Amino acid sequence: MSSDLIDRLDAALPQTQCTRCGYPDCRHYAQAIAQGEAAINQCPPGGTQGIARLAQLTQQAVIPLNPDHGQESARAVMWIDEAWCIGCTLCVKACPVDAIVGVNKRMHTILEPWCTGCELCLPVCPVDCIYTDNASGSATGWAAWSQSQADVAKKRYTFRSNRLLIEKREHQKKLEVKAEEKLRDLPQHSHHTDPEVLDKKRAIIDAALARAKARNASLPAKE
Ligand code: SF4
Ligand code: SF4
């Protein structure tokens, strides 16, 4: 599989990171196409023009959008009815491009220029206060979205992915440090006094620590 082809397929996708293609993000869909595992007609935001781009890059025939993945439609932009928002932050966690701002227990706002219309924030809102507006009139697919918007979305998604990766590494590191501290002086950190029980616990913590270190080592390098 050529990484150059993956790069070109990824660059041909709209970078909405909406997951409607069935993959976790645009890059994974590009990889699946390059590997021959996914068809070129699974991206509703790219629409017919998007399929033509992918067809050209893969030397395949243009085929209609697969309706199982959604319909080509006007670009959506979300907004929050702030009177109802309870500040739970679930939408912030769901947004792939960090387009929602707000802190715990305070109302949240969607920054319209950054919203890709992916709709991933809609299902997670517990009070259903996120709404959809039509942002492109009758224009659909790439006619409703520009290369510069796709570039911004990609940049924001990459930045967010790297931040989450760093946070995950830091969290795991903290757990490792705690486990190592406990191992160094287990009797001090346990209400058990029986040496046999302590030995068993030591072995369990040791094994868990080894697994955590292996997991941390297997986390992908940041882009
Ligand atoms: S605000 Fe909602 S629809 Fe817009 S990009 Fe974020 S998750 Fe997607
Ligand atoms: S998920 Fe809904 S209630 Fe929670 S912060 Fe977002 S908009 Fe507000």
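Legend note: in the chain, cysteines whose Cβ sits 4.7 Å or more from every other cysteine Cβ are CYS21, CYS26, CYS43, CYS85, CYS88, CYS95, CYS115, CYS125, CYS129. Using every pair of separate Cα atoms, the Kirkwood estimate puts the hydrodynamic radius of region 126-171 at 13.6 angstrom.
Once the chain from GLN60 to ASP151 is taken as fully extended at 0.36 nm per residue, the excess over their C-alpha distance is 30.2 nm.
Under a 5 Å amide H cut-off, with hydrogens placed 1.01 Å from N, THR89 pairs with LYS105 among residues at least 5 apart or on other chains. What the Kirkwood sum gives for region 1-158 is a hydrodynamic radius of 16.1 Å, with every pair of different alpha carbons counted.
The peptide list 24-37, 133-146, 199-212, put in order of mean Cβ contacts within 10 Å with the highest first, becomes 24-37, 133-146, 199-212. Residue-wise HN-Hα couplings along region 130-138, as the Karplus relation 6.51 cos²θ - 1.76 cosθ + 1.60 with θ = phi - 60° gives them from phi, are 9, 10, 10, 10, 7, 9, 9, x, 8 Hz; Gly and Pro carry x. Highest mean packing comes first when the peptides 76-82, 46-52 are listed by Cβ atoms within 10 Å, giving 46-52, 76-82.
So for region 149-223, Kirkwood radius off the Cα pairs, Stokes-Einstein at 20 °C and 1.002 mPa s: how many µm² s⁻¹? Here the translational diffusion coefficient equals 146 µm²/s. Multiplying the residue separation of ASP7 and LEU186 by 0.36 nm and subtracting their alpha-carbon distance yields 59.4 nm. Over 29 Å between Cα atoms: which of LYS93/LYS154; LYS105/LYS213; LYS155/LYS182; LYS93/LYS200 fall into that group? From the list (LYS93/LYS154; LYS105/LYS213; LYS155/LYS182; LYS93/LYS200), the Cα-Cα distance tops 29 Å for LYS105/LYS213; LYS155/LYS182; LYS93/LYS200. Taking a straight line from the alpha carbon of LYS178, these aspartates and glutamates sit under 13 Å away, with near neighbours fewer than eight places off in the same chain left out: GLU170, ASP206.
Read-outs throughout are calculated quantities, based only on the coordinates presented, and are distinct from any laboratory measurement. None of the values given here were measured: they were computed from a predicted structure. Counting neighbours? That spans all protein chains shown, and the Cβs are built from the backbone with ideal geometry, glycine included.
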